[in-house]
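Inspection log for the structure reproduced underneath, given as structure tokens.
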Amino acid sequence: MIDLLNQTSLGATGMKVSRMGLSASYWPGTKTVHAAIDEGINFFFGFGIDAQLVKGLRPAFKGGREKFVLATGAYNLIIGYPNLRRTLEKRLRQFATDYIDIFMFLGVMKEKEFPPRVLEELIRFREEGKVKSIGISCHNRAFLGKLAAEGTLDILMLRYNAAHRGAERDVFPYLETYNPGVISYTATRWTEMMRRPRSWPKDGLIPDAGMAYRFVLSNPHVHVCLTAPRNEKQLKENVAALRRGPLNEEEMHFMRQFGDAVYSNRKWFM
């Protein structure tokens, strides 16, 4: 049985990462951060406001910074260009580290929101050695596909789940040449993948969170899938699910059907 938690190469970056990464967006507690490390998770996504993640990682870093992969970044403000340099320096101080493994420009909705000066500054950070790799999180799949084909960035962060499979058409076919690292988020579509859609039979099977994560990581194009548990119990349930391995053909077909039903509930939502 393939353990989906096992480490893999993060694209062409040379980093070895656990296929599940931890985000502390829902304040799961420092104990959960420590539990994630104990379970073999070495990929962490966070910000300075994620105080629990900072508190959990700083002492862990002292035991061997090279064991961990830290992804962070600055958010696209849309109404104004953020100070990337200031954000980077702040993250270095907060996490008490000399470098950031992955620094991204986050929340890009349109191509025009990622002007050349942003890319130039990210490249400068990488050249200085303060950042090992650079990337973007983006909801515009066509733009991500373009970036993948051009080899512009080391890392692409995107939404991918059983209800939102557009990356299979718009992004994944363009990854081969430059092999950027791919990080996915919202595997459960904000828990909607565990709730019955209106069109779904009342006695029909409903997936659990584990199946949602296994669906994402059954796709070899995704290197890391983020999980954002609310507590240690949820984390351990998700980890246990991954150790059951990839979905089989029947399970994949079920998840795609259920995902279509979830998506049809709210067609206004990309």
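One residue stands out among those in the range 199-208 that are more than 10 Å from Val262 (Cβ to Cβ) and loosely packed, with under 12 Cβ neighbours inside 10 Å: the one that is nearest to the chain's Cα centre (by Cα), which is Leu205. For the range 150-167, state whether one or more residues are at pLDDT 95 or above, surrounded by 21 or more Cβ atoms within 10 Å (Cβ to Cβ) and of a type in the set (Ser, Thr, Tyr). There is at least one residue in the range 150-167 that is at pLDDT 95 or above, surrounded by 21 or more Cβ atoms within 10 Å (Cβ to Cβ) and of a type in the set (Ser, Thr, Tyr). Within the range 37-79, if we keep just the residues that are assigned to a loop (DSSP other than H, G, I, E, B), on the phi < 0 side of the Ramachandran plot and free of Cβ contacts under 8 Å to residues at least 12 places away in the same chain, the residue that is surrounded by the fewest Cβ atoms within 10 Å (Cβ to Cβ) turns out to be Ile79.
Looking across the range 2-36 at every residue that is surrounded by fewer than 19 Cβ atoms within 10 Å (Cβ to Cβ), outside any loop (DSSP other than H, G, I, E, B) and of a type in the set (Val, Ile, Thr), the one that is farthest from the chain's Cα centre (by Cα) is identified as Thr30. Only strands (runs of 3 or more DSSP E) whose full extent lies in the range 138-230 are considered here, and the ones with at least 3 residues that are more than 21 Å from Ala240 (Cβ to Cβ) are 155-159, 181-185. Taken over the range 136-192, the criterion of being without any contact (Cβ under 8 Å) to a residue 24 or more places away in the chain, more than 15 Å from the chain's Cα centre (by Cα) and closer than 28 Å to Pro229 by Cβ is satisfied by Thr191 alone. In the range 229-239, is there at least one residue being touching a helix residue (DSSP H, G or I) at 6+ places or on another chain (Cβ under 9 Å) and within 22 Å of Ile102 (Cα to Cα)? For the range 229-239, residues touching a helix residue (DSSP H, G or I) at 6+ places or on another chain (Cβ under 9 Å) and within 22 Å of Ile102 (Cα to Cα): present. Residue count for the range 41-84 under the criterion of being in contact with a helix residue (DSSP H, G or I) (Cβ under 7 Å, 6 or more places away or on another chain) and basic (Lys, Arg): the result is 1.
The values are calculated or read from the model by the stated rules, or taken from the named source; none is laboratory data. Fair warning: this is a prediction, and the values are worked out from it, not measured in the lab. Don't worry about glycine lacking a Cβ; one is built from the backbone with ideal geometry, like all the others, and counts go over all protein chains shown.
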